[in-house]
Amino acid sequence: MDSHQIPFKTYLPSVITLILVGWGGLFGTLYFLLPYVWSRWAFFVFGTMGLTGLALPIVYYLHKRFPAEAPAEPNVIIRQALWMGVYGATLAWLQLGRLVTLYVILGLAGGLIAAEYFIRIREKANRHIPAYTDDDSS
C-alpha cells in the first residue's frame, strides 16, 4: 500500500451513512410522498446521497488502482464521487419529465468531466514544488 494513500477505513462511516440515509430517504420519498415540488427536491437530494455512497468505494478503488504522480487527496475522491451522484440523480430527475436523450446524457457527462478537469488543473497550479537549497558555505 502506498504510504501517501489514506486507508479506506476512514471513508467507511461516510459510505455507510450516505447509503443508509440516501436510499432510505429515497424509499420513504417514493413510498410516502405525493409528487409535488418538495418531494421532487427530496428525491434529488436523497438520490444524490445514495449514489454518492455507492460511488465512493469505486472512485477510491480507481485512484488506488491507477495512481497519478501525486496521490489523490481525500477531497478529490469525495468530490469525484459526488459528481457521480449528481450525474445519476440529475439523469433520474430528468427522466421523470421524459427529457433524457443521448445528447443530454453525453452533454451532462461532458460538462461534469470538464468541470472536474479544470478544478484539477487549478489544484495542480496551486501546488508548490519543495525548495532545496545548496548550502556549500560549510
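Every read-out reported here was derived from the displayed coordinates using simple, explicitly stated rules and does not represent laboratory data. In this text, all values refer to a predicted model and were calculated from it rather than measured experimentally. Using ideal geometry, Cβ is built from the backbone for each residue, glycine included, and neighbour counts are taken over all protein chains shown.
With θ taken as phi - 60° and the Karplus curve 6.51 cos²θ - 1.76 cosθ + 1.60 applied, the whole-hertz 3J(HN,Hα) list for the stretch 47-58 is x, 5, 5, x, 5, 5, x, 6, 7, 4, x, 5 Hz, x standing for glycine and proline.
Here the simple spin-label model places points 7 Å from the Cα toward Cβ, and for Thr17 and Trp38 these points are separated by 2.5 nm.
Test of understanding: ordering Glu69, Glu116 by Cβ neighbours within 10 Å, fewest first, what list do you get? Intermediate results must be reported in sequence, preceding the final value.
Numbers: Glu69 5, Glu116 14.
With the fewest neighbours first, Glu69, Glu116 line up as Glu69, Glu116.
Once the Cα-Cα distance is subtracted from the 0.36 nm per residue extended length, the Asp134 to Phe66 segment shows a gain of 21.0 nm. Phi angles of the stretch 16-32 translate, via the Karplus equation with coefficients 6.51, -1.76, 1.60 and θ = phi - 60°, into HN-Hα couplings of 5, 5, 4, 5, 5, 5, x, 6, x, x, 5, 4, x, 5, 6, 8, 9 Hz per residue; Gly and Pro are given as x.
Kirkwood hydrodynamic radius for the chain: how many Å is it when counted over pairs of different Cα atoms?
On the way: mean 1/r = 0.0576 Å⁻¹.
After inverting the pairwise mean of 1/r, the radius is 17.4 Å.
What do you get for the angle between helix 74-96 and the principal long axis of the chain? Use alpha-carbon atoms, 0 to 90 degrees, nearest ten. Roughly 20 degrees, rounded to the nearest 10. In this label model, Ala114 and Asn126 are separated by 2.2 nm, measuring between points 7 Å along each Cα→Cβ vector.
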